[in-house]
Each structure stands twice: as structure tokens, then as C-alpha cells.
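Have a look at the structure below, then the notes.
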Amino acid sequence: MREIRHGFHCRRCVTVAASSSQPSVAADPRRAVVSSGAGDKLEICRVVNGMWQTSGGWGRIESNAAVDAMLRHFDAGLNTFDLADIYGPAEELYGVFINRLRRERGEEAAIQARGLTKWVPSPVKITRQFVESSIDRSRKRMDVKCLDMLQFHWWEYSNPGYLDALKHLTDLKEEGKIKTLALTNFDTKRLEIIVNKDIPIVSNQVQHSLVDMRPQKHMKDVCEQSGVKLITYGTVMGGLLSEKFVDANVSIPFAGPALDTPSLKKYKQMVNAWGGWDLFQELLKTCQQVAMKHGVSISTVAVRYILDQPCVAGSMVGVRLGISEHLKDSEAIFQLKLDEDDVDRIGSVISRGKDLMAVIGDCGDEYRRA
């Protein structure tokens, strides 16, 4: 058994101490298994369909077209969807989708789908009744008896109510309302506190891209020792990591591609904090050279690079359901194998960017600044 660092003393460490830094992978390399020492586990697709785009700002979502698109993703083997109680109609869309699967394909097909939702409560007093009613609302919207995964977000660490919430969520998991319990945007310090309290966390969803390598600084060490995996978002930076933005001038209105979605605006700010547009262009062109070598897209290279990082179980690709799809690019992610030269070339550009831990803080700190 490996030595447990960081003062871990919880029972789960005995269970996972022999695990490697790479995600637990099922027989199909497209899949990963996230689990805790409590014995609960969930198999997910390593490319996760992100549904933030249903919340507005990316174009109107038409329900029937969106559900048709979800079925196409499911049929392509991309069976895992990431949603949240605050993503507009995302949970309701999942409910319609899962019902169509049951009706048209049968219950056996429906149980293969994965809905990873989030609970993002307002900073209010946490009671058992409040937590349970919130979870019941998501179960009703998604039309499931048991949530595959509940990813919990907390706005303010000075309010220790997050530990109360996690205790109630753990109780609800034991009662069968939640299959696996996870976090989203928690920093390393709080993740370690939670793990040391024997709370059965299976994953932490964090921002992670070629520009934002913060999860590999300190959080990776906690994950390696606890067995907690990372599910990443922002991996293609809302589309910035694509051919569309090679040689693009975004500083002059109408001179280049518009930064016209919430995600493009958000991740352009990350580029500014990391090293600016000129260095980002070098990163894009390096990724383009690697992409051309393998006959894939820049975004495919970007996702593959992050999936190959320690402790990463899955990475998000945003889907504009019924508007645009990336099925071919997502399929290519599974086929792509970056060689040592590819990794070194990309890494040499990444290393020239600023340390975002020093500029922004740890994972999720960007959401907790005044």
C-alpha cells in the first residue's frame, strides 16, 4: 500500500491506495469508472456532452430538435450528459430524452444513459428539508428515481454550511436518491477537508484546458491519494481552441470572429490572464500542426491532451443541441494518440504562459472573487 500523504486518514484511502493516477477504466477505453471507498461507482463516457449551452446566450433551443440531438449522441456512444439545476431547461430536456429512450428502446437502453446534474444552491441556511426538496426537484425534472450523479457547488467558503449540505446529500445517497456524490469548482483545500471527513466524493468538476492547467498543480496530488477523479470543463474554451480563431483579430469589432457567446467571452478573459492573444495564437498554431499531422481538428487535440492528464476521468465538449454538433470530432478524440513529440511541442508553449494559480488562485476561485 502506498503511503498516504496530506494527512489523509479516512477509510476510503485504504480502498483506493493502490490506484494509479489515471482514471479507472472499464473494458471499453472510451469509458471511465468513478468511485469512492463507500463502494458506489458509476461508469461514464470520457467525452461528456456539456449542456450549459441550453441556458441561453447560444441561440434558441427547440425542445424536439434538442432531444433528437441527444438521441444521436447516445447512439454514437456519447451517453453521458452534464447538466445543472441552473442550466435553463437542461434537466427537463434530459427527462424528455430518457422517456423517449424508455418508450422507443426499452428500459435496458435507458439505463445506459448517464445524467450528471449539479446542485447550485443560493447562500441560504442549509437544512435537511431544503436539501431534499432541491434533490427531489431535479429527480422530478429528469424523471429518474435516483440521480446518477449529483455535483455540488458552493459559493462562499467562509460559510461552512457546505459541510452540512454534504452530510444531508450523503444521507440521501444512502437512501437511494443519489447514486454518486461529486463536487464542482471546489478548491484543493476544501476537497482535502471533505475527503478527510469520509464524505464519499467520486469526482470534482473543474476548469481544465491547455491554458488552464491549475488542476495539475496541487489538486492532482489529493486526487491521486484519495481516488477522487477530475471531470473537466472549458477544455475547448467555448470554441476558442479551434481553427476558426487561428490568425483571427478579435480586438477590432467585425474584423474577425465574434466573441458572441457567454463561453467565448469567459474564456477570452482566461486567455488574457494566461498570456494574451499573441501567445494564444502560438498555442493555436502549434496545436494546428499537431492536428494536421494526425488528420484531426485543433479541438480534438485539445481534449485529448487533457484526457491524458493524471486523474482526469472525463472532459466536457459543449453541445448546442439542435443547432450544431461535433460528433465526428468527438469520435476522433477516442482514436487520437498523441506521441511524445506532440506533447513536448504543446507543453513548451503552455509553459510560457503565466501561472494562473498566482494570477487567479486555485480551481474555482474565479467564482469567489468580489
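The values are calculated or read from the model by the stated rules, or taken from the named source; none is laboratory data. Because the structure is predicted, anything quoted here is derived from the model rather than measured. Glycine gets a Cβ as well: all are built from the backbone with ideal geometry, and neighbour counts include every protein chain shown.
Annotations for the structure displayed:
- Residue count for segment 192-205, restricted to those that are in a helix (DSSP H, G or I) and out of contact with any His (no Cβ under 8 Å at 6 or more places or on another chain): 3
- Subset of segment 88-104 (residues that are under 18 Å from S134 (Cα atoms) and part of a helix (DSSP H, G or I)): A90, E91, E92, L93, Y94, G95
- Any hit, segment 208-223, residues being touching a His at 6+ places or on another chain (Cβ under 8 Å) and charged (D, E, K, R): yes
- Where a residue in segment 196-214 is closer than 13 Å to M237 by Cα and of a type in the set (S, T, Y) and its partner, wherever it lies, is modelled with pLDDT of 95 or more and not in a strand (DSSP E or B), with Cβ under 6 Å and at least six apart: S209/G234; S209/T235; S209/M237
- In segment 206-227, the residues that are part of a loop (DSSP other than H, G, I, E, B) and over 17 Å from S351 (Cα atoms): G227
- Filtering segment 268-277 for residues that are on the phi > 0 side of the Ramachandran plot and at pLDDT below 95 leaves an empty set.
- Among the residues making up segment 94-104, none is more than 16 Å from K145 (Cα to Cα) and in contact with a Phe, Trp or Tyr (Cβ under 9 Å, 6 or more places away or on another chain).
- Taking the numbered list (1) in a strand (DSSP E or B); (2) within 17 Å of the chain's Cα centre (by Cα) in turn, K179 passes all entries but (2).
- Scope segment 42-98; condition free of Cβ contacts under 8 Å to residues at least 40 places away in the same chain, under 20 Å from D329 (Cβ atoms) and more than 15 Å from the chain's Cα centre (by Cα); matching residues: L71, F74, D75
Let's see how each residue does on (1) touching a residue at least 12 places away in the same chain (Cβ under 8 Å); (2) within 29 Å of Y87 (Cα to Cα); (3) surrounded by fewer than 21 Cβ atoms within 10 Å (Cβ to Cβ):
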| position | (1), (2), (3) |
| --- | --- |
| G227 | yes, yes, no |
| N249 | no, no, yes |
| K266 | yes, yes, yes |
| N272 | no, yes, yes |
| Q281 | yes, no, yes |
